Structure formats: structure tokens, C-alpha cells
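**Q** What follows is a single structure, and I will ask about it in a moment.
Read-outs: derived from the displayed coordinates by stated rules, not from any lab. These figures come from a predicted structure and were not determined experimentally. Every residue, glycine as well, gets a Cβ built from its backbone with ideal geometry; the counts of neighbours run over all protein chains shown.
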Amino acid sequence: MSVKILAIETSCDETAVAVVENGNKVLVNEVLSQIDIHKEFGGVVPEVASRYHMEGIIPLIEKALKGSGLTLEDVDAVAVTNGPGLIGALLVGVSAAKALAFSLNKPLIAVNHLSGHIYANFIDNEVEFPLVTLIVSGGHTDLIYMDGHLNYEILGQTRDDAAGEAFDKIARAMNLGYPGGPIVDNMAKNGEDSIKFPRVHLEKGSYDFSFSGLKSAVINHLHNQKQKGLEINVEDVCASFQQAVVDVLVDKTIECAKHKKVKNVLMAGGVSANSALRELMSQRCQKEKLNLYYPPLKYCTDNAAMIGAVAFHQFIAQDFAPLDLNAYSSMSLND
Ligand code: KG4
Ligand code: ZN
């Protein structure tokens, strides 16, 4: 059997189109990033994002099809992210996907962006259930248990800032640029974990996260240094902040894997590209004899290949969306 899915993702600041075969073979993966446009504003401007998605989507679909050597007729279904994300941005992808599905008379598949991040791990890879997955992106920090495809048990969530959001905010406080995550990751390589920032673990047994206290501690440190006329060692601030985030993410993920008695641990989302997180999680998983999976860098941040990967399992389950499908800015994995 061969199922080829055309997948579209426009939830934030990347216009992305992919064609994925049988959920794990990427025939083409096109990403048109708007980062350079939003950089100027220090963050994503939703209206601007929508406008660029509108300009980019049709040429990108054409480019992707050309790259895969396929025609629209060869595609078995059209999949699209319909939440969570920026509503105006999501609607561009949803409208394009609906129009394609309708005109081709092919099934439409609505994909949750977070499922997409998880399924980035299944591309070119055999992953076994049951598993625990840590989603760390610009908008989410979640711990999820899965005992089979499309079955999500949410064990922990962030109570305030998401991990990626904290990276972006502290980078902004030091005028390092946008998005902050990769910049902080790089600067941290030349710094030391010399400043004692808090590790917030919350109540015992809780798999929730909270990073706003850490973010405030970093901002207070920057103010204090300034007030005292002391120099700010940006590399050390980056290294110390990053280590505080990573320590908590790794501790909680390992605890959660032990609690659920799983052997398989996944990481997903933009922050799973972080080098310190990958290193510490690898060490701890090795020590605990857990199998660790994380996607290659190109599938960590937003892309449509991951949407096509989930959509295959929805196709098999005949989980098709109606043509009046809407987009939702907030959406749980179980919606
Ligand atoms: O998954 P993603 O591309 O978009 C969302 O769904 O949010 O994640 C983007 C987030 C941003 O906050 C960005 O700063 C962060 O991922 N990020 C990183 C790294 N690369 C991207 N954070 C830490 N270290 C990195 N290397
Ligand atoms: Zn994302």
C-alpha cells in the first residue's frame, strides 16, 4: 500500500508544504521561513504572518509538487494544521487545503500542530510504544504518554511561559535577536553555568512546568548588574539560564518515564533542537537504560512533513474532516 499525503502547515511564521508517503517517507519538504521579516519587530506579528502565508502558499504548493515529481492527481489526501496557532495564519493553510480537497474530491485531514511535532520522530524511524514524549516549543511544554498511535494522555503542561517562550523573552531582554532559542544556545557554548538561577520543580509528583519565575530571576539579575554598574556576562547568563531550563525538563521527563514504566522517550518541538537539552537527556536516558528519540534539526522546528506523518495514521483510521473545517488558536491534543 502506498498513501501519499500533501500536507500544509501555516500555524505561525513558517509557510510549509510537504508530500509524505506512508507516514514516514518524505518525498518533498518545503519551508518558507518568515523569520527575517519578523526579526525586525522582535517577534511574530500575526497580521504580517497571515499576509506572507497568503503570498507564499500557492507558489510553495506548486514548488513542492514539482520537487516530488507528482501531480495533484497522485495525492491520496490533503492534510492541514488547524490548530493551535495564530488564527489568521492557520486560516490561510486551512482555506488552501479545503479548496484543494474539494476540487480534487480527495479526503481532507485536520491535524493538531502538537501531534505533528511528536510525529516528526516517526519520519525515517521505527518508534515503539508505549512512550513518553516531551513537547518543547514556542507555545508549549507538555509531557505526554502514548500507548499507541493517536492516543494521547496529557501528564503535564506549563502553568505559565513555555520553554521556547522563556528563551525568546530572555534573549529579547538582552537584545540578542529573534528567535532567541538558537542564539542563546550558541552563546551558552562560550559561557558557564556560574549564576544560580532557580530550578522550579513544583509539587512532588507534578509533571507540570513553570518558567516565569526563572525568566524573572534572569531579568532581575540583568537589572541588578546594571544598577551596580557591573558588566553583564551575556554568555554566562545564557549558559546559566539554559542549564536551569534543561535540568528541570530532563528531571521531569525521566521521572515521568519511570512513573509510566516506559522504555521509550521522545522529544519534540523547536526547543528539542537545543544542544544542551539533547546532551543531558541523552546522558540521563543512557544511565536509566531508556531509548531516546529526537528529530533531526529540520523536523524539530515547524514544517509540514511532520503534519503528513500524523495524517497517515488519521487516514488509516478514516479520521477525515468536513469541508467546513475551522481553525482554532488553542486546541488540546485530545480535541
Ligand atoms: O516548534 P517551533 O518551531 O514553533 C512552535 O510551535 O512554537 O518552536 C519555536 C521555538 C522558539 O521559541 C525558538 O526560540 C525555540 O523553539 N528554539 C530553540 C532552539 N531552536 C529553536 N530553543 C532553544 N534552543 C534551540 N537551539
Ligand atoms: Zn511548532
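**Q** Cβ-Cβ distance below 7 Å, separation of 6 or more or different chains: which pairs start in region 167-193 with a residue that is at positive phi and end on one that is among the aliphatic types (A, V, I, L, M)?
**A** Here the result reads G177/A171; G177/I183, each pair linking region 167-193 to a residue that is among the aliphatic types (A, V, I, L, M).
**Q** Related question: Which of the residues spanning region 262-279 are free of Cβ contacts under 8 Å to residues at least 60 places away in the same chain and outside any helix (DSSP H, G or I)? First the steps, then the outcome.
**A** So in region 262-279, the residues free of Cβ contacts under 8 Å to residues at least 60 places away in the same chain come out as 278-279.
Within region 262-279, no residue meets the criteria.
**Q** Right, next: Where in region 80-198 are there strands (runs of 3 or more DSSP E), lying wholly inside it, with at least 3 residues that are out of contact with any Phe, Trp or Tyr (no Cβ under 7 Å at 6 or more places or on another chain), within 16 Å of ligand 2 (Cβ to nearest atom) and under 30 Å from E279 (Cβ atoms)? Can you show your working first?
**A** Details: elements: 108-112, 131-136, 141-146, 153-156.
Per the criteria, 131-136.
**Q** To continue, here is another question. In region 171-187, which residue that is within 15 Å of H221 (Cβ to Cβ) and within 10 Å of ligand 1 (Cβ to nearest atom) is surrounded by the fewest Cβ atoms within 10 Å (Cβ to Cβ)?
**A** The selected residue is A171.
**Q** Which of the residues that make up region 123-141 are more than 9 Å from ligand 1 (Cβ to nearest atom), in contact with a His (Cβ under 9 Å, 6 or more places away or on another chain) and within 20 Å of V271 (Cα to Cα)?
**A** Matches in region 123-141: V132, T133.
**Q** Something else: Would you say G213 is at positive phi and away from ligand 2 (no atom under 16 Å from the Cβ)?
**A** Working: at positive phi: no; away from ligand 2 (no atom under 16 Å from the Cβ): yes.
It is false that G213 is at positive phi and away from ligand 2 (no atom under 16 Å from the Cβ).
**Q** Evaluate the following for S33: is it hydroxyl-bearing (S, T, Y) and either surrounded by fewer than 22 Cβ atoms within 10 Å (Cβ to Cβ) or farther than 30 Å from L176 by Cβ (or both)?
**A** On the way: hydroxyl-bearing (S, T, Y): yes; either surrounded by fewer than 22 Cβ atoms within 10 Å (Cβ to Cβ) or farther than 30 Å from L176 by Cβ (or both): yes.
Yes, satisfied.
**Q** Give the residue that is nearest to ligand 1 (Cβ to nearest atom), with candidates limited to residues of region 287-301 that are crowded, with 18+ Cβ neighbours inside 10 Å and outside any strand (DSSP E or B).
**A** As a first pass, look at region 287-301 and keep what is crowded, with 18+ Cβ neighbours inside 10 Å: 290, 292-295, 299-301.
With outside any strand (DSSP E or B) added as a condition, the list becomes 290, 294-295, 299-301.
Numbers: L290: 22, Y294: 12, P295: 10, Y299: 10, C300: 7, T301: 4 Å.
Filtering region 287-301 for residues that are crowded, with 18+ Cβ neighbours inside 10 Å and outside any strand (DSSP E or B), the one nearest to ligand 1 (Cβ to nearest atom) comes out as T301.
**Q** Mind listing just one residue for me: the one in region 282-295 that is more than 13 Å from ligand 2 (Cβ to nearest atom) and touching a residue at least 60 places away in the same chain (Cβ under 8 Å) and, of those, farthest from V26 (Cα to Cα)? Full working, then the answer.
**A** Taking region 282-295 first, the residues more than 13 Å from ligand 2 (Cβ to nearest atom) are 282-294.
From what is left, the residues that are touching a residue at least 60 places away in the same chain (Cβ under 8 Å) are 291, 293-294.
Values: N291: 24, Y293: 18, Y294: 17 Å.
For region 282-295, the residue satisfying everything is N291.
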